[in-house]
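Worksheet for the structure shown next.
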Amino acid sequence: QVQLVESGGGLVQPGGSLRLSCAASVSIFSVNAMGWYRQAPGKQRDLVARIFSGGNTVYVDSVKGRFTISRDNAKNTVYLQMNSLKPEDTAVYYCNAVKLSSHYWGQGTQVTVSS
């Protein structure tokens, strides 16, 4: 029942920045947590960042200091600000929501870091 729509992906040079957006069909407070995952071709889908309903955040070590997850409660939207992008950040980025024991996924948005 939770629908998620990502936007903001694209092609960026190494060292550049992008901001991803995830619009949810329900209040962010109605889910336990929201986050961003990424999946490169031939690799598993890995957690990038997560924000819990209380506002606490977690990040994978490889993006700490470069990525920031935030939210706009009035817009039911979660953001991922990505700075100092590296080629290894290239992947499809998926928005994720967790409610009770269920996971919900957006369609994904492509991020390509290349010169």
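Identify the residue in region 25-44 that is open to solvent by less than 20 Å² (accessible area, probe 1.4 Å) and not in a loop (DSSP other than H, G, I, E, B) and, among all such residues, is modelled with the lowest pLDDT.
Out of the qualifying residues, it is ILE28.
From the list LEU4, LEU20, LEU11, which one is open to solvent by less than 60 Å² (accessible area, probe 1.4 Å) and closer than 13 Å to VAL111 by Cβ?
That would be LEU20, the only listed residue that is open to solvent by less than 60 Å² (accessible area, probe 1.4 Å) and closer than 13 Å to VAL111 by Cβ.
Of all the residues that make up region 81-106, how many are part of a strand (DSSP E or B), touching a Leu at 6+ places or on another chain (Cβ under 9 Å) and farther than 16 Å from ALA40 by Cβ?
Residues that pass the stated criteria total 6.
Mind telling me which of the residues TYR59, TYR79 ends up being at pLDDT 95 or above and within 19 Å of TYR104 (Cβ to Cβ)?
On inspection, the qualifying residue turns out to be TYR79.
Consider region 54-77. How many of its residues are among the hydroxyl-bearing types (Ser, Thr, Tyr), surrounded by 15 or more Cβ atoms within 10 Å (Cβ to Cβ) and touching a Phe, Trp or Tyr at 6+ places or on another chain (Cβ under 9 Å)?
2
Take LEU47 and tell me if it is under 14 Å from TYR94 (Cβ atoms) and open to solvent by 50 Å² or more (accessible area, probe 1.4 Å).
Yes, satisfied.
Can you say whether VAL111 is in contact with a helix residue (DSSP H, G or I) (Cβ under 9 Å, 6 or more places away or on another chain), part of a strand (DSSP E or B) and either open to solvent by 70 Å² or more (accessible area, probe 1.4 Å) or in contact (Cβ under 8 Å) with a residue 40 or more places away in the chain (or both), as far as the supplied structure shows?
Yes, satisfied.
Can you go through SER30, SER21 and tell me which one is within 26 Å of GLN1 (Cβ to Cβ) and under 11 Å from the mean Cα position of the chain (by Cα)?
SER21
The values are calculated or read from the model by the stated rules, or taken from the named source; none is laboratory data. Model, not experiment: these values are computed from the prediction. So basically every Cβ, Gly included, is an ideal-geometry build from the backbone, and we count neighbours across all protein chains shown. The protein model used for the area step is the full one, side chains on, heavy atoms only, and it has no ligands, DNA or RNA in it. Shrake-Rupley method; radii C 1.70, N 1.55, O 1.52, S 1.80 Å.
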